[in-house]
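Encoded as structure tokens, the structure appears first; notes follow it.
The values are calculated or read from the model by the stated rules, or taken from the named source; none is laboratory data. Just so it is clear, the structure is predicted and the values come from calculations on it, not from any experiment. Quick reminder, even Gly has a Cβ in these numbers, built from the backbone with ideal geometry, and neighbours come from all protein chains shown. Keep in mind that these areas ignore ligands, DNA and RNA; they rest on the heavy atoms of the full protein, side chains included. Shrake-Rupley method; radii C 1.70, N 1.55, O 1.52, S 1.80 Å.
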Amino acid sequence: MSAAAQNPFAGDPDRHEIWEILMRRDFEAFVAADWSRTEPDFLAEEFQGLDGGRQPDPDRWHLRFADLATYRAEWLAQAADFQKLELQGTTKLDFLFAATSLRDIEITGARAVAHKKFQGRATSTLGVPLVLAWQTLYLLRKVGARWKITGFVGYLPNPAS
């Protein structure tokens, strides 16, 4: 396992679980294009997702995912496209871990916001560049003993890019 795939929150059970949801389980499910592996991490009845379109102006952000089914369809389409790629010098899973960071997780009571930042480049075996350059703020709620994703504000500009 690469260093980037190591959960940095070993001593913090809540942040450890949130990192596992948003990094490991999301990436493993995405690479396999298997929604069933990540679906239990969502709270469907509360879910909504805003698409920032990589635009810095919030007036240009849209409620693109008013429900989990709409987001699921987009996630599956992106996963299918990703499956078609073969990357030079790395696996897809290693690339996702290396290109993504999740260090900032704010928890207040049973609510959390997690800052997931994508910044990485790879080249396909056909010579086509693959560039990840955005960030997403995930909203979560603790339900019983488990954290669940209730929504996100995503595809935001990443100032580090």
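Remarks
- So G89, is it open to solvent by 60 Å² or more (accessible area, probe 1.4 Å) and over 14 Å from the mean Cα position of the chain (by Cα): yes
- Taken across the range 28-44, residues that are touching a residue at least 24 places away in the same chain (Cβ under 8 Å), touching a Phe, Trp or Tyr at 6+ places or on another chain (Cβ under 9 Å), open to solvent by 70 Å² or more (accessible area, probe 1.4 Å) and more than 29 Å from T123 (Cβ to Cβ) do not occur at all.
- Selected residue (criterion: nearest to L132 (Cα to Cα)) from residues of the range 47-70 that are in contact (Cβ under 8 Å) with a residue 24 or more places away in the chain and among the polar types (S, T, N, Q): Q55
- A search for C-beta distances below 7 Å between a residue of the range 126-142 that is hydrophobic (A, V, I, L, M, F, W, C) and any residue that is open to solvent by less than 60 Å² (accessible area, probe 1.4 Å) and not in a strand (DSSP E or B), counting only pairs 6+ apart in sequence or on different chains, returns L130/L85; L132/A99; A133/N158; W134/P157; W134/N158; L140/I18.
- Scanning the range 137-151 for residues that are open to solvent by less than 10 Å² (accessible area, probe 1.4 Å) and farther than 12 Å from E17 by Cβ gives a single hit, G151.
- Residue match in the range 93-110 (condition: assigned to a loop (DSSP other than H, G, I, E, B), closer than 17 Å to L22 by Cβ and within 17 Å of the chain's Cα centre (by Cα)): no
- Screening the range 45-68 for residues that are of a type in the set (D, E, K, R) and open to solvent by 70 Å² or more (accessible area, probe 1.4 Å) and picking the one that is farthest from N158 (Cα to Cα) gives E45.
- Positions within the range 10-27 being farther than 15 Å from L93 by Cα and either free of Cβ contacts under 8 Å to residues at least 40 places away in the same chain or open to solvent by 50 Å² or more (accessible area, probe 1.4 Å) (or both), in sequence order: A10, G11, D12, P13, R15, H16
- Residues that are aliphatic (A, V, I, L, M), open to solvent by less than 50 Å² (accessible area, probe 1.4 Å) and closer than 15 Å to P159 by Cα within the range 113-136 comprise L132, A133, listed in sequence order.
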